[in-house]
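Below: the structure, in structure tokens.
Computed from the coordinates by the stated procedures, all read-outs in this text should not be read as laboratory data. Only a predicted model underlies this, so the values are computations on that prediction, with no experimental measurement involved. Note: ideal-geometry Cβ built from the backbone for every residue, glycine included; neighbour counts use all protein chains shown.
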């Protein structure tokens, strides 16, 4: 176990170093240099020179990279050129929104996926199972913006149950907050429900073949008891890993949903920064998200290795 | 992830090569789990044919778009915001400034399909080679490749695409490259797993014992065997790429106008969602049907060719 931990840690550090390298280099790669991208096409040579000097962009790349890494380690992800605000400040302000969205989506999807998967695993090949198979195929394929617009159309435009766009922070009350977060979370959750239910169903069916299930039933325990109390736990490894990974995916991948529902989260920030050519913000944000994502994935991997000792060193990629 | 219900591998094995009668004789109901352990039927066949049909139509329209009797996609051809209907003139309606939805959907499909197919093919070749090398050489080569792949995977895919869009100006080749990039690690992972599983077989060992060079082992022994399993995932990856392209276009970071794109059409129609939902749902439905078809077909192809037992 200790060895796995060390290897994982080394892996994470190396990947993060490469990511930090990439984010420094990406500024170099803008055609014409970051100065032109940020100041605009019409910038004069003097403006560009002044900008480069001010931002320290005329120093060698290696020196800048070293400084970037030192900054990141101390929590300084750079500053926006437009507003001068430190990236971390903006991220801290917007993180709760994306986080709440991700957690809500995860909870919603688990609440639906687990009972559903248990049911279809128990009644495998039944009508519900076959129907759900088709439906889940569609849900998995559907792009977020399609689902979002469909949900928005039905529940916000036609039936007016939820607001079309906008975010009510918790300070405005729990009710409005949940109302504004429901449709976006639902959009994200629908795709995950399909994935989670498939994984859990497959694992449950395998678990149900075991003798201990037969033994429990023979002892007179009800089907529901056996399913939920005996069979569910050993079947949930893959599901839990997937759930952890999904959380990470939501944090970085809710971009489209945030844009459609106008939620002031990290994804919307990314899109706005790109359109405003705020490259320093983009650089810092990408580094931050990658950091969170890599650490989260590593934690999930470790948890999985801890829960299931059989896994060991079987890692792909 | 499988569409059909192959739940019990033992049953599948037991019925392989059996005739109908033997198959029937082995049907039984498990009293505990109530699973009817019958051999897997060919259900879902209709859906697979529908999916294939849809894709054939889409590809045909995309390839022969210029020869079809369509209006131009950038010129207004009729009253704006016409709803779709069963008629010959503009069956899919018109958009906000009167352009033909049908034409725009077909030309948008051109972009999406081209990007999806070419991107998936590029990723398959690139990822396949990378995985082959990693799986064959193992050791530090595999470790380095693994780290590089993980760096790409360290970014949520849309974020990576957005970053690339932030740096460079968008164009068709760049989109193909960046979309292929996000899918390459998946292919590499698959190729590596397949290579490792084949590299342990006797014929590879024999080849090595006979003094075959690395190149020969990789390309004559391993590659032909991993080719099918790796290629079987192409449809699924194409679906992923098409969704990603749609999202990029939706955010305005895809192919720049006047070339229509499905995502762009959805984005443009978003403001009129309340009044003219067809502006959004015509391209959205076409996109959805195409992606679902790719997924269904890809699932079926993958199940046919994938060597690995697990369905994940």
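Calculate the translational D of segment A:9-63 in whole µm² s⁻¹ from Stokes-Einstein, where the hydrodynamic radius comes from the Kirkwood formula applied to all Cα pairs, the temperature is 10 °C and the viscosity 1.306 mPa s.
126
Could you work out how far apart the two model spin labels at residue B:206 and residue A:303 are, taking each label as a point 7 Å from the Cα in the direction of the beta carbon, and quote it in nm?
A separation of 4.8 nm, rounded to one decimal place.
Counting other beta carbons within 10 Å of each residue's own, what order do B:262, B:49, A:167, B:54 fall into, fewest first?
Going from sparsest to densest Cβ surroundings: B:49, B:54, A:167, B:262.
Given 4 °C and 1.567 mPa s, how large is the Stokes-Einstein diffusion coefficient of chain A in µm²/s, with Rh as the Kirkwood radius over Cα pairs?
In µm²/s, the coefficient is 58.
Fewest to most neighbouring Cβ within 10 Å: what's the order for A:230, B:214, A:123?
B:214, A:123, A:230
With angles folded into 0 to 90 degrees, how steeply does helix A:87-122 sit against the dominant principal axis of chain A? Use alpha carbons for both and round to 10.
On a 0 to 90 degree scale, this one is about 20.
Can you give the Rg/Rh ratio of segment A:159-252, where Rg is from the C-alpha atoms and Rh is the Kirkwood radius?
Ratio value, two decimals: 1.18.
Is there a simple number for the mean count of other chain Cβ atoms within 10 Å of the Cβ of residues in B:119-131, and what is it?
0
Once the Cβ-Cβ distance between residue A:222 and residue A:159 is put in as r, and R0 is 35 Å, what FRET efficiency do you end up with, to the nearest 0.05?
Working from the Cβ atoms, E equals 0.35.
Summarise the partner chain shielding of B:258-264 as one whole number: the mean count of Cβ atoms from other chains within 10 Å of each residue's Cβ.
Shielding by partners across B:258-264 averages 1.
What is the order of A:114, A:255, fewest Cβ neighbours within 10 Å to most?
Exposure proxy ranking, most exposed first: A:114, A:255.
Give, in nm to one decimal, the length gained when the segment between residue A:178 and residue A:59 is fully stretched (0.36 nm per residue of separation minus the Cα-Cα distance).
38.0 nm
Can you work out the FRET efficiency for the pair residue A:275 and residue B:214, with r the C-beta to C-beta distance and R0 = 35 Å, to the nearest 0.05?
Efficiency, from the Cβ-Cβ distance: 0.15.
How far is the Cα center of segment A:182-207 from the Cα center of segment A:144-172, in Å?
Each part reduced to its Cα centre gives a spacing of 22 Å.
Give the Kirkwood hydrodynamic radius (Å, one decimal) of segment B:69-171, defined as one over the mean of 1/r across all pairs of different Cα atoms.
Result for segment B:69-171 stands at 17.5 Å.
Per DSSP H run of at least 4 residues, take -39500 (n - 2.57); add these up for the protein assembly as shown, divide by its residues and hand me the 222 nm value, nearest 500 deg cm²/dmol.
For the protein assembly as shown, the value works out to -22000 deg cm²/dmol.
Taking just the alpha-carbon atoms of the protein assembly as shown, what radius of gyration and Dmax come out, in angstrom?
Taking only Cα atoms of the protein assembly as shown, I get Rg and Dmax of 26.0, 87 Å.
Quick one: if you stick a label point 7 Å off each Cα along the C-beta vector at residue B:303 and residue A:214, how many nm between them?
In this crude label model, residue B:303 to residue A:214 measures out at 2.7 nm.
With labels modelled as points extended 7 Å from the Cα through the Cβ direction, what inter-label distance (nm, one decimal) is found for residue A:206 paired with residue A:123?
With each label point 7 Å from Cα toward Cβ, the separation is 2.5 nm.
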